[in-house]
1. How charged is the neighbourhood of B:Asn115? Take every other residue with its Cβ under 13 Å from the Cβ of B:Asn115, and add Lys/Arg as +1 and Asp/Glu as -1.
2. Using Cα atoms only, what is the angle between the long axis of helix B:245-258 and the major principal axis of chain B, expressed in degrees (0 to 90) to the nearest 10?
3. Kindly work out what percent of the DSSP beta bridges joining two residues of the protein assembly as shown are antiparallel, to the nearest 5.
4. Determine, for each peptide in A:227-234, B:403-410, A:87-94, B:26-33, the mean count of other beta carbons within 10 angstrom over its residues, then list the peptides with the highest first.
5. Please determine, in degrees from 0 to 90 and to the nearest 10, the orientation of helix B:3-34 with respect to the longest principal axis defined by the Cα atoms of chain B, where the helix direction is its Cα long axis.
6. Mind putting together the pair-distance distribution for segment B:3-159? All Cα pairs, 10 Å bins, whole percent per bin, short to long.
7. For segment B:208-462, with the dipole built from +1 on Lys and Arg beta-carbon atoms and -1 on Asp and Glu ones, taken about the Cα centre, which of B:Val412, B:Leu378, B:Pro215 lies farthest toward the positive end?
8. About its Cα centre, how strong a charge dipole does chain A have in debye, to the nearest 20, once Lys and Arg get +1 and Asp and Glu get -1 at the Cβ?
Amino acid sequence: MTPMTEAQNSLAIANPKMSARDVKVFYGEKQAIKGVSIDVDMDHVTAFIGPSGCGKSTFLRTLNRMNDTVASARVEGEITLDGENIYASSMDVVQLRARVGMVFQKPNPFPKSIYENIAYGPRIHGLAAAKADLDVVVEKSLRRAGLWEEVKDRLHDSGTALSGGQQQRLCIGRAIAVEPEVILMDEPCSALDPIATAKIEELIHELRGRYAIVIVTHNMQQAARVSQRTAFFHLGELVEYGVTSDIFTNPRQERTKDYITGRYG
Amino acid sequence: MTGPAILLLLAGLGAIAWVSARTRALRLQTVARASGRRDAVHSLPGYHGWYVALWTLIPAAIFLAVWANVAPGLVTQSVLSDPAAQSLPADAFSRASVLGEARAIATGSQAGAFNPQSQALVEPYRTATTKYGVAGAVLALLLAFAGGAYAFTRVRPDFRARTRVERLVMGTLLVASLIAIITTLGIVASLLWESFRFFSMVNPVDFLFGLKWSPQSAAMGYGNEDAFGAVPLFWGTIFIGAIIAMVVAIPLGLMSAIYLTQYASPTVRKWMKPTLEMLAGVPTVVYGYFAALTIAPALRDFAVAIGIHGASSESALAAGLVMGVMIIPFVSSMADDSIAAVPQSMRDGSLAMGATTSETIRKVLIPAALPGVVGGVLLAVSRAIGETMIVVMAAGLAANLTANPFASVTTVTTQIVQLLTGDQEFDSAKTLAAFALGLVLFIVTLLLNIVALRVVKKYREAYE
């Protein structure tokens, strides 16, 4: 592995959950990510910030190989999960995505009942054999997603009938239901109102420690509120990665400072 | 003066009107602008040009259209008032034939007369034709001048020529769309009227629920009872169009749509989709003889070989299979659209949970796209049961009520063709039955289309 540059890394992470080394992503001829190296650990929430088009979402999607669904995308470099290269041919993408879950920008519940939305993952991965087991998984997931009290009496109503914030928590619950180790969140609050956003942020706090959480956001206050580690991306590069409070109060890179203080973005 | 010459002349007048009105408007507007009042100028000079040109052309064109219908009558009138016409036979038929011959000689489409009376009338015919031709031309030109002059006097800077031209454009478009609607209404009305005549001869209940179809026996004078039971036809139509054809078309169409939307690389899709859609461009008569000459004999031989009795060389199966192939592009392109309309986020959500592509298709995409697919299938059914050429060539004429796909059945469209081809009297129950069958077919396909469009529309709204 090529070492991380000094500028990028102010963190010594002993036992990273996921690490990326010199990752480059191309869309056809265009290079979207220009050699990013980063470690993500289990105990902290990691935020990716940066101006629109800086590649933070693209990079996030390489972590569970969602870029595979884009025909023109090509990934170089190495990304490991518990030391195992996820782009190796021995890695089964289905297994990978069961371990690295994802929540999207716009809530995207399936047009099925709330129960079926949560049960979807456990069913396809064979995690619950009997109906009773499945009921347990559904309740547990909805409780962890902070949605149980609101929906326990209408589990068989359509998931699309919920409010935007509830839909997003349903999607988080859906991701939790397959017992992932890492949860990737791609601007999970950008389509939500402030109250729903606050609930999601609270939920992220509660989930911390149980799952490694990586959240992409272009809301810097949100990054400051929910994360302990922050990575600043700009023009496809990882400019600076460090403890969130350091990044926001004492950035070491000029570009980070300009972005934090609102010079551009 | 000949027709084309007048039209050319009118076109020339129109062009002159356009140019002169535009020039005048331009000059007047320059003057008006110079006076500094911007609101004094309403329309661009070109609109004034069009306004005057249209006033020149449209009244004259309408007049010519009317005149072309009225003039022949006037010519005949004047020929009949000629002294040479006094000796014409009294009965209308022979009189018309003499006049017709005279006209043919006068216009030069016939060289000489068989009937001396015609020869005598040629000269009066020529005179009258010329007279009314010139009169028509002069009147048309006068109208053109009058219309043009009237419009030309209205060209002023503040005249709202644009509004009027736009209104005329709208009117023209309205007329164009009304023509299609009125034609449809006319067809429906004639269908209803002829069906009504049929049902005054045959009891509608016997027609709709009768099990025996033998219109020939009615035509041969055995009476209308028991001859027009259309159930075997309805069954044949459903058997071929809605059952056999759909058994072929739904799985193949759906699977090819899934492959094209979910698995195929962009290059493959770019080639395969148009190729598949080319199936829809093959003339149905080609499918017809493919079914009749290739598939049907092969199927019969196969049926005989495996020991099925009653295998016919005009089997329901042959027609249905080929029709199914013909329908594939309909099903597949509708299914393609509805699958593509399921938001990408739905697909991503499923894949990100670790579902495979085929699990995603089965559990998320197909359920979400189902209403659209159903709509497409209903449209395909309505297309299949109205399809004529394949069944005429491959399905046979025997009105059997059978579920054996190797036997011969007949369909509504086949029977309509049978009832109306050849020399037929158009007031017997036998020919009128064709209209009643047409009416039933029309109502069924209309209902299918309405339901299908509703389903598709409702589903589209769900994701917008």
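1. Numbers: positive: B:Arg95, B:Arg103; negative: B:Glu101.
Around B:Asn115, the charge tally is +1.
2. Approximately 90 degrees, to the nearest ten.
3. Working: 26 of 45 bridges.
Taking every DSSP beta bridge with both residues in the protein assembly as shown, the antiparallel ones total about 60 percent.
4. Values: A:227-234: 24.2, B:403-410: 22.0, A:87-94: 12.1, B:26-33: 15.4.
Those peptides, ordered most packed to least, come out A:227-234, B:403-410, B:26-33, A:87-94.
5. 80 degrees
6. The distribution over segment B:3-159 is 11, 28, 20, 15, 12, 8, 5, 1, given as percents.
7. Of the candidates, B:Leu378 comes out farthest on the positive side.
8. Numbers: 31 positive and 33 negative charges, 75 e Å.
For chain A, the charge dipole is close to 360 debye.
Each reported figure results from applying straightforward, stated rules to the coordinates on display, with no laboratory input. Here the structure is a predicted model, which is why all the values come from computation and not from measurement. Cβ coordinates were reconstructed from backbone atoms using ideal geometry, including for glycine residues, and neighbour counts include every protein chain displayed.
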